[in-house]
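Just below is one structure, and these are the notes that go with it.
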Amino acid sequence: PLLGDIVSVAKLVKVRIDQATASVNGDYSKLNGHIIIDIGKANIDSNSMTMQLLTMFNPKLGGSVPVFFDPIDIQIHNGIATYNNFKITIANKFQVLQTGTINLKTKELMITSVVPLTSLGYNIKKLRGLDEDIGVPLLIAGTIDNPIVRVDPSFDLGRLLLEIGVGEALDDVFGGNKEAPNPLDIIEDLLNDRN
């Protein structure tokens, strides 16, 4: 779906299609093939679903946003497009990993986007020294026309913070307030407002 939000590209997009077969009557369930899409540098609409997620706390990224796409490797089998893990770098700062499937016949999505916690607006001092940001897995379901985004229910930020030795980091954010909400609950609420 993010590809539909591209407004400009720096070079011609290269597409390689191998071993493709399709039905002459437009039956997507008979579509098979291997596709590699090389986009490289591009600009995407800041109103795209991904940008809305990343800019929910950072409106200064608005407008057209520069991105860099790693090559996208897609296997299509009986109308199901499976995206191998690929990376998108947004505004030379945030890296989003994407993988998943799209049923081309029903337009149903089952995509995972892993976005950096800091890109969702959480600036936790104790995380600044980490070699890598914490990736928050977002599940994109629904359909191409009506995507539904939510945080992967198996993701446990508190447990992860304990594992890396910064379990008290959330106290940093909320000043020790025991009534403070879980950041992932806030993200879920924002996602629900957008769905």
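The values are calculated or read from the model by the stated rules, or taken from the named source; none is laboratory data. Predicted, not measured: the structure shown is a model, and the values here were computed from it. For neighbour counting, all protein chains shown are included, and Cβ atoms are generated from backbone atoms with ideal geometry for every residue, glycine included. Each accessible area value is taken on the protein alone, full model and side chains, heavy atoms only, with ligands, DNA and RNA left out. Shrake-Rupley method; radii C 1.70, N 1.55, O 1.52, S 1.80 Å.
Within region 25-38, how many residues are on the phi > 0 side of the Ramachandran plot, modelled with pLDDT of 95 or more and open to solvent by 40 Å² or more (accessible area, probe 1.4 Å)?
Here the count works out to 0.
Can you find a residue that is open to solvent by 30 Å² or more (accessible area, probe 1.4 Å) and modelled with pLDDT of 90 or more anywhere in region 39-52?
Checked against the condition, which is being open to solvent by 30 Å² or more (accessible area, probe 1.4 Å) and modelled with pLDDT of 90 or more, region 39-52 yields at least one hit.
Confirm whether ILE144 is open to solvent by 60 Å² or more (accessible area, probe 1.4 Å), modelled with pLDDT of 85 or more and hydrophobic (A, V, I, L, M, F, W, C).
yes
When you scan region 72-79, do you find a residue that is loosely packed, with under 14 Cβ neighbours inside 10 Å and at pLDDT 95 or above, even just one?
Within region 72-79, one or more residues are loosely packed, with under 14 Cβ neighbours inside 10 Å and at pLDDT 95 or above.
Considering each of GLY121, GLY129, GLY100 in turn, give the residue that is surrounded by fewer than 21 Cβ atoms within 10 Å (Cβ to Cβ), within 20 Å of ILE44 (Cβ to Cβ) and modelled with pLDDT under 65.
GLY121
Quick check: is even one residue across region 80-94 among the basic types (Lys, Arg) and in a strand (DSSP E or B)?
Scanning region 80-94, I find at least one residue that is among the basic types (Lys, Arg) and in a strand (DSSP E or B), so the answer is yes.
Counting only residues that are assigned to a strand (DSSP E or B) and open to solvent by 60 Å² or more (accessible area, probe 1.4 Å), which one in region 103-113 is nearest to LEU31 (Cα to Cα)?
Residue satisfying both the conditions and the ranking: GLU108.
Filter region 1-53 down to the residues that are of a type in the set (Gly, Ala, Ser) and under 23 Å from the mean Cα position of the chain (by Cα), then identify the one that is farthest from ALA141 (Cα to Cα).
Out of the qualifying residues, it is ALA10.
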